[in-house]
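Taking it in order: structure first as structure tokens, then the write-up.
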Amino acid sequence: RDDLMLQFQITLYGDNERLVMVRDITRLHRLEQMRRDFVANVSHELRTPLTVLTGYLETYTEHADQLPPRWQRGLGQMQDQTRRMQNLVEDLLLLSRLETDHQTERSVPVAVPPLLGSVRDDAAALAGGGCRVRIETAESRDLLGVEAELRSAVSNLAFNAVRYTPEDSTITLRWRPWQDGAALEVEDDGDGIDPVHLPRLTERFYRVDKGRSAATGGTGLGLAIVKHVLLRHDARLEIESRPGEGALFRCVFPAARLIRRPLGETGSDT
Ligand code: ADP
């Protein structure tokens, strides 16, 4: 059969004994594919009606002064909720693309400091003067990857740091040598996360505090997106956190993903 999927598990016993287990996961794989296609199709179909709604709401908002105050409030809420739906639809589409496409875009050397600089500006704008966002770069090599995907991963981590920390927090975006490779870190000194939640944090729609997450404007897909971007870059996500002491999200890249920039070139390709 074309779509036959087998899973092999080989266990070593002593010096020369092996136990080989073979599982037929074809049906599981097909179901997973159907789920992905369904989510991608629904999200795609929702895009157009949402664009129409946003268009009308914008027009009505321009003439909001002609409406009674109660209606004006309603209009504002409709805009907020439509924006939330749009963010959700875009994140669902991005996630299904990350799950299914096999690196359609080629990896290129990405200069990390300018990338962090632009994420810092976006995060500072989101914080509206609240948190302090700083950058530390101790690694000089470039990262071989797809820039848009890397940007989306770091932005999600940085925006979470802004959204889940008190106003006077400090957020650090860091690019540093780590083990044999390098790590991109986003650290905050906010409330942190109870370790019981850490193993499930990158699952879709897993939230520590549902009410608070919805209020912050998150879609519940941010860390799932980060995880999939890292998988596509042979990297892994480590999360360290203790309640009351902040959180550290570390994206660990292997040495094979790092490349030294030729002498004389500056990192201006981001
Ligand atoms: P959401 O849209 O809810 O932010 P994410 O997948 O990005 O979805 O994050 C999952 C959950 O992880 C969040 O709801 C939040 O409870 C927790 N979280 C993420 N980042 C942080 C952080 N820096 N500090 C505290 N909690 C965090």
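Please indicate, with yes or no, whether at least one residue in segment 17-37 is touching a Leu at 6+ places or on another chain (Cβ under 9 Å), in a helix (DSSP H, G or I), free of Cβ contacts under 8 Å to residues at least 60 places away in the same chain and surrounded by 10 or more Cβ atoms within 10 Å (Cβ to Cβ). Checked segment 17-37: at least one residue is touching a Leu at 6+ places or on another chain (Cβ under 9 Å), in a helix (DSSP H, G or I), free of Cβ contacts under 8 Å to residues at least 60 places away in the same chain and surrounded by 10 or more Cβ atoms within 10 Å (Cβ to Cβ). Taken as a whole, segment 95-107 holds no residue that is under 24 Å from His233 (Cα atoms), small (Gly, Ala, Ser), within 21 Å of the chain's Cα centre (by Cα) and modelled with pLDDT of 95 or more. Residue selection: Asp65 fails the criterion of being touching a Gly at 6+ places or on another chain (Cβ under 9 Å), among the acidic types (Asp, Glu) and over 30 Å from Trp175 (Cα atoms). Quick check on segment 206-226. Is at least one of its residues more than 9 Å from the ligand (Cβ to nearest atom), more than 23 Å from Val133 (Cβ to Cβ) and at pLDDT 95 or above? Within segment 206-226 (the criterion being more than 9 Å from the ligand (Cβ to nearest atom), more than 23 Å from Val133 (Cβ to Cβ) and at pLDDT 95 or above), the answer is no, since none of the residues qualifies. Number of residues in segment 2-31 that are hydroxyl-bearing (Ser, Thr, Tyr) and more than 19 Å from Thr100 (Cα to Cα): the value is 2.
Looking only at residues of segment 202-233 that are under 12 Å from the mean Cα position of the chain (by Cα) and hydrophobic (A, V, I, L, M, F, W, C), we find that the one that is surrounded by the fewest Cβ atoms within 10 Å (Cβ to Cβ) is Leu231.
Condition check: within 18 Å of the chain's Cα centre (by Cα) and part of a helix (DSSP H, G or I). Does Leu75 satisfy that? No. Out of the residues in segment 139-193 that are more than 9 Å from the ligand (Cβ to nearest atom), in a helix (DSSP H, G or I) and not aliphatic (A, V, I, L, M), which is surrounded by the fewest Cβ atoms within 10 Å (Cβ to Cβ)? Of everything passing the filter in segment 139-193, Glu147 is surrounded by the fewest Cβ atoms within 10 Å (Cβ to Cβ).
Here's the yes/no breakdown for (1) loosely packed, with under 14 Cβ neighbours inside 10 Å; (2) of a type in the set (Ser, Thr, Tyr); (3) free of Cβ contacts under 8 Å to residues at least 12 places away in the same chain:
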| residue | (1), (2), (3) |
| --- | --- |
| Gln7 | yes, no, no |
| Glu45 | yes, no, yes |
| Leu50 | no, no, no |
| Leu53 | no, no, no |
| Gln79 | no, no, no |
| Arg84 | no, no, no |
| Asp91 | no, no, no |
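The values are calculated or read from the model by the stated rules, or taken from the named source; none is laboratory data. On a predicted model such as this, the values are computed, not experimentally measured, just so you know. Because the Cβ atoms are built from the backbone with ideal geometry, glycine has one as well, and the counts that use them run over all protein chains shown.
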